[in-house]
Amino acid sequence: MSIDMISRLHPRFEEMVHTQDGIEFWYARDLQVLLGYSEWRNFLSIEKAREACRSSKYQEIDHFVDVNKMVSIGSGSKRQINDIKCTRYACYLIAQNGDPRKEEIAFAQSYFAVQTRKQELIEEHIRLSERLHARKKLTESETELSRNLYERGVTDTGFARIRSRGDAALFGGRSTQEMKDRMNVPAKKPLADFLPTVTITAKNLATEITNFNVVKENMQGEGPITVEHVQNNQDVRDLLIRRGIVPENLPAEEDLKKLERKVRTSEKRLANTSGLPVEKGE
């Protein structure tokens with residue numbers, strides 16, 4: 001997500017916030033528009049968010065408060081509509097249950113996760129979220145590759161060799177262990193947990209292509225699949241190099257496992273401090 005996009009979305013979200021008894025809240029119908037949903041009936045993530053709140057053992061009524069509002073419908077007429085007051089935690093859950101490919105959703109996930117509304121902290125959280133999402137996608141594609149290899153007679157040891165050869169192609173001939181030494185990654189930690197987002201994404205792209213071609217060409221055995229995976233990593237490396245990015249020279253980033261724990265702690269703090277002390281109806 002670009003800084004320009006963040007700068008455009010940030011004031012829109014700020015304009016819609018309300019405060020009651022020192023607690024921030026947003027109306028769900030305003031949130032519907034902010035998140036890019038054209039119709040209320042399509043705003044399904046709000047029901048998923050309610051369920052997520054209940055599953056987290058928090059009181060739904062503390063974070064989702066049903067209210068009635070009078071709205072203008074033209075010519076001075078008004079009608080009553082249903083709405084929901086949503087705490088910051090409720091809005092966070094709604095965003096988490098939306099489609100992160102939508103820029104409004106991706107922004108909202110970080111906006112509502114960050115207690116303070118300083119834009120620079122939101123930008124930092126967005127970068128963290130993008131890195132976590134990229135790592136999750138890599139885990140999924142590598143799991144799929146492992147399954148594909150097993151079906152084609154390749155053992156777990158063979159899978160490890162193929163993945164290591166792919167890493168060497170991506171990192172200019174440096175093995176996984178050499179990269180871990182270079183980046184001071186602890187011996188028992190996965191290299192990918194310390195890579196920047198662009199490198200994680202590069203590894204995922206190469207793995208996705210390998211998965212696609214292994215199935216399409218019905219490749220069998222470790223040899224042909226190794227050639228395929230090495231070539232895909234080499235092609236991705238060539239693309240990065242052409243864009244001035246040298247994967248092995250990028251510095252290590254903070255351990256993603258530690259960052260995930262920070263996110264979970266932040267979520268609990270958010271839920272515990274944003275309860276909405278209001279009664280039903282308005």
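No lab work stands behind these numbers, since they all come straight from the coordinates. Given the structure is predicted, the values throughout are model-derived calculations rather than measurements. Here the Cβ positions follow ideal geometry from the backbone for every residue, glycine too, while neighbour counts run over all protein chains shown.
Among VAL154, VAL185, the ranking by other beta carbons within 10 Å of each residue's beta carbon, starting with the fewest, stands as VAL185, VAL154.
Between the C-alpha center of the range 230-271 and that of the range 25-77 there is a gap of 34 Å. Partners of LYS57 within straight-line reach, counting lysines whose Cα lies under 21 Å from its Cα and excluding those fewer than 8 residues away in the same chain: LYS48, LYS85, LYS262, LYS268, LYS280. Taking a ≥ b ≥ c as the square roots of the Cα gyration tensor eigenvalues, with a/c under 1.5 meaning rounded and otherwise prolate when a/b beats b/c, else oblate, which class fits the chain? Verdict is prolate for the chain.
Under the classification rounded if a/c is under 1.5, otherwise prolate if a/b is larger than b/c and oblate if not, where does the range 128-251 fall, given a ≥ b ≥ c as square roots of the Cα gyration tensor eigenvalues? Working shown, then result.
Working: a/c = 1.58, a/b = 1.49, b/c = 1.06.
It comes out prolate by the Cα gyration axes.
As a proxy for reagent exposure, ranking PHE107, PHE194 by other Cβ atoms within 10 Å from fewest up yields PHE194, PHE107.
What is the fewest-to-most order of LYS57, LYS48 by other Cβ atoms lying within 10 Å of their Cβ? Least to most surrounded, the residues fall as LYS57, LYS48. Averaging Cα coordinates gives a centre for the range 205-226 and one for the range 172-193; these two points are 24 Å apart. Take each peptide in 177-183, 78-84, 59-65, count the other Cβ atoms within 10 Å of every residue, and average; sorted highest first, the result is 59-65, 177-183, 78-84.
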